[in-house]
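K.L.:
Pasting in a structure now, in structure tokens, and then I'll have a few things to ask.
The values are calculated or read from the model by the stated rules, or taken from the named source; none is laboratory data. These numbers come from a predicted model, not from an experiment. Every residue, glycine as well, gets a Cβ built from its backbone with ideal geometry; the counts of neighbours run over all protein chains shown. What goes into the accessible areas is simple: the full protein's heavy atoms, side chains included, and nothing from ligands, DNA or RNA. Shrake-Rupley method; radii C 1.70, N 1.55, O 1.52, S 1.80 Å.
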Amino acid sequence: MDTKHCTVDGWVDAIPAPGPRGTATFDLIVHPADLDAVADDAPDTVITCTSGDPRITHELLTGIQPGDLLRVTGTLVQPQMPGQPGHPGRLTVDALEVLDTALVPVLREMVLDRYGDYVVIFDGDTDAVPVFTAHGQWVGLADNPDAIATLIDIHERVNGGDA
């Protein structure tokens, strides 16, 4: 297993998800370093990132959204089968810097999204966001998308962390 300490710049692919024991996980989309030297159809690289650092985890779960440009530093573990779909590299993040934030998405329809073991429903006509567990149990109504993580945190504290 090949590992190295590195710094990578990339875009957040989806909303970071809470993981076990206070961790957070997200996928980072990384473009080839020298776009002029690669073919036009060269694929981007997906790196699965995780962090257990409480400050980084808090930032990931409360302040990061899809499309944000991040600089992450940590230990990269190369995939077992490089170049094979479904085998992304894994980066354990020990430093995170937000280089640029994504534009605020404009929702035109209802959108169902996952937050780890939770499901939320975004409706472009209202700021309120209904939150359920993945098993369909009602969690509550977040006043706005920024309040989702707080609502989930309260639910986990009251219910012992089981969604």
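K.L.:
Could you tell me which residue of region 40-50 is farthest from GLU156 (Cα to Cα), considering only residues that are among the aliphatic types (A, V, I, L, M) and either modelled with pLDDT of 80 or more or open to solvent by 60 Å² or more (accessible area, probe 1.4 Å) (or both)?
P.N.:
Across region 40-50, the extreme among qualifying residues is VAL46.
K.L.:
Could you tell me whether region 1-13 includes any residue that is at pLDDT below 90, closer than 26 Å to ASP117 by Cα and assigned to a loop (DSSP other than H, G, I, E, B)?
P.N.:
Checking region 1-13: at least one residue is at pLDDT below 90, closer than 26 Å to ASP117 by Cα and assigned to a loop (DSSP other than H, G, I, E, B).
K.L.:
Would you confirm, using the coordinates I've provided, whether GLY89 is surrounded by 13 or more Cβ atoms within 10 Å (Cβ to Cβ) and either closer than 14 Å to GLN65 by Cα or modelled with pLDDT under 80 (or both)?
P.N.:
So GLY89 fits the description; yes.
K.L.:
Separate question: Of all residues in region 9-31, which are in contact with a Phe, Trp or Tyr (Cβ under 6 Å, 6 or more places away or on another chain) and surrounded by fewer than 18 Cβ atoms within 10 Å (Cβ to Cβ)?
P.N.:
Residue satisfying the conditions is ILE29 alone.
K.L.:
Answer yes or no as to whether THR57 is at pLDDT 75 or above and open to solvent by 30 Å² or more (accessible area, probe 1.4 Å).
P.N.:
no
K.L.:
Taking the stated definitions as given, is ALA102 among the small types (Gly, Ala, Ser), modelled with pLDDT of 75 or more, in a strand (DSSP E or B) and surrounded by 10 or more Cβ atoms within 10 Å (Cβ to Cβ)?
P.N.:
Criteria not met by ALA102.
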